[in-house]
Amino acid sequence: MNLKMPYGISNYEKMVNDGYYYVDKTQYIEKLEELPETNIMFLRPRKFGKTLFTSVLENYYDKNKIDEFENLFKNTYIGKNPTSLKNSYSILRFNFSGIDTSTEEATIKGFRREVASSIEVFINKYNLNFYVNKEDEAENILDNLFKAFYIQKPQDRIYVIIDEYDHFANELLGFYPERFKVLVSKNGKVRKWYEILKKGTETIVDRIFITGVAPITLDSLTSGFNIGTDITQEEEFNEMMGFTNEELKKLMNDKKISKEEQEKIMPIMKENYDGYKFCLKAKNQIYNSNMCLYFLSRYIRLREIPNDLVDVNIASDYSKVGKMLNLCKGENRLEILKKTVQGEPIINTIVKKFNPAIEFTENDMISMLYYLGYLTISGELVGIPELTIPNKVMKEIYADYFMQIMDKEAEFRIDSRANQEILIQLAREGRIDKIVEILKIYLNNLSNRDLIKFDEKYIKLIFYCIAMNIKAYSTKSEMEVNRNYPDILLVPRDSSKGYKAVMVEFKYLKKGEKGKLEEKQKEAREQIERYSRFDDIKDIQGLRKYTIVVASNDIYVEEIV
């Protein structure tokens, strides 16, 4: 059977019944049951398959689906190794994404509406005699439901599944931090609701599974809901969501993607979607599953690499990095941004509970970037995580945000026409005239700004971020390969199109050092010639090589033939 690619499908029952491919994660159902704790919190970045996994749990444990078990799970690990708790619960499921956060009143109404509608589905599904008063407070609706269920079905138990528990809270924190404190902290409506959920565990709520992105509300909810066990950073569950390299290869083999094709597309997918690790001890890195499915669904249909490597819907989810970075004020924000884009690791303990009722610290901000998927664990120093950007897609998002800051300071913005001219020059002739022209505008406009402390790194960073916006090219920097590499290497993503490649080496002269221009140019030439002997560079066809020396606001470009 030729199974369809499941991009955008998060309903497990639909996936099975309509013939979609499923990357089997059901072995983790067994692992979750083996835990001594029954109220679980599990966090992952957006678009990592959280909603699909909650749908798998719902279909596995729903007592109403006992007759469908064979059909739904016959081809999975858990279908061949069922646990004693399968099909034994009434499932009460909530999804708190999509709540309007534009006003305090809209947020409260949206939260109450989701609670009421989910409970209506529940009472209809399990034939409960219960009236949902949609005008009542969310916590009262839940409390009254638990009381009615306990009276009418005293032998039954509820499994509560909460998806995107923190979605609206993250929106509030990023856009309306003061409103967040009112609604989530202290005596807020959300906290009261979780107090009722905790109370339910004393009677008819047997298990809880909560997913989201960040522990943004945990500290605020502690006194109301202090029974959840967070397994986000546990080694055993590192691969519960997202794809491993083996899972991705199996998917491609099953979809009859040839070995030759895999050799062509795997490096692109690895560079752009891989690199995530959520535990210091984890052995494997994880791919963003949604991004992989987007890529493969288009590749299988068109049999060519997509021009846009990221779906606009995924990109829009991640484009809010600026809102989180803005929570940390002052120069630290820009320094962290500069370090991460350049590929330098940040040594930082990951905060396990945020308390936005107090000031959002630099440590909090870096931890938030980890939870959101903008940074990931790449190593450790004396047991403290080293955090870096996981892949090119995330780096492009950072680069875009960095350029937004530069644009604001320089009062200049690169338009789409300029980007088009850059691409045409690069692709056809391997020329960098347009990039240099734009770089000079930035230098002239930024040179007197106190924010920018110019040095060679800043010049390279601005050039690098401009180049990162050229989607047809893969941009590599010396920071990414232990500094023993050209400053900038621009290589076409698809070598079959015949686009030119470009290598650039930078040097910078401080004010008053212009007399050293020839010396710096000679130094840059020698480095270019040395790099040209590297195996992975000398084989690049038609490579054009440049040195760039910046002295004050002047830029000296030399092509090395």
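Here is how the numbers come out for the structure above:
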| quantity | calculated |
| --- | --- |
| By average C-beta atoms within 10 angstrom, highest first, the peptides 198-210, 527-539 | 198-210, 527-539 |
| For residue 229, residues with placed amide H under 5 Å, excluding near neighbours | 39, 40, 41 |
| Furthest towards positive pole of dipole, 504, 280, 232, structure part the chain, Cβ charges | 504 |
| Tilt relative to the chain, helix 189-200 - C-alpha long axis, 0 to 90 degrees, to 10 | 50 |
| J(HN,Hα) series, the stretch 409-424, from Karplus relation 6.51 cos²θ - 1.76 cosθ + 1.60, nearest Hz, glycine and proline x | 5, 7, 6, 8, 9, 6, 8, 5, 5, 5, 4, 5, 5, 4, 4, 4 |
| Amide proton proximity set for residue 205, modelled H, under 5 Å, gap of 5+ | 158 |
| Accessible area (Å², per residue) of the chain, counting only protein heavy atoms and a probe of 1.4 Å | 44 |
| Heavy-atom accessible area ranking, 1.4 Å probe, most first, across 260, 30 | 260, 30 |
| Electrostatic dipole magnitude of the chain [Cβ: Lys, Arg +1; Asp, Glu -1; Cα centre; debye, to 20] | 660 |
| Furthest towards positive pole of dipole, 111, 398, 48, structure part the chain, Cβ charges | 398 |
| In nm, spacing of pseudo-spin labels at residue 496 and residue 30 (7 Å Cα→C-beta vector) | 4.2 |
| Sites residue 522 and residue 433 - FRET efficiency at Förster radius 22 Å, r taken between beta-carbons, to 0.05 | 0.45 |
| Cα gyration tensor shape for the chain, rounded if a/c is under 1.5, else prolate or oblate | prolate |
| Accessible-area composition of the chain, carbon plus sulfur, in percent [1.4 Å probe] | 46 |
| Sequence-separation-based contact order of the chain, relative, with Cα cut under 8 Å and 6+ spacing, percent | 11 |
| Point-to-point label distance, residue 344-residue 153, nm (Cα→Cβ direction, 7 Å offset) | 5.7 |
| R0 of 41 Å, Cβ-Cβ distance residue 538-residue 440: FRET efficiency to nearest 0.05 | 0.85 |
| FRET efficiency, 1/(1 + (r/R0)^6) with R0 35 Å, evaluated for residue 102 and residue 552 via beta carbons | 0.15 |
| Per-peptide average of other Cβ atoms within 10 Å, ordering 237-250, 34-47, 364-377 highest first | 364-377, 237-250, 34-47 |
| Rounded to 5, the percent of DSSP beta bridges in the chain classed as antiparallel | 45 |
| List 10, 416, ordered by accessible area with a 1.4 Å probe, largest first | 416, 10 |
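The values are calculated or read from the model by the stated rules, or taken from the named source; none is laboratory data. Not measured: the values here are computed from a predicted model. Using ideal geometry, Cβ is built from the backbone for each residue, glycine included, and neighbour counts are taken over all protein chains shown. Accessible surface is based on the protein model in full, side chains and every heavy atom, while ligands, DNA and RNA are left aside. Shrake-Rupley method; radii C 1.70, N 1.55, O 1.52, S 1.80 Å.
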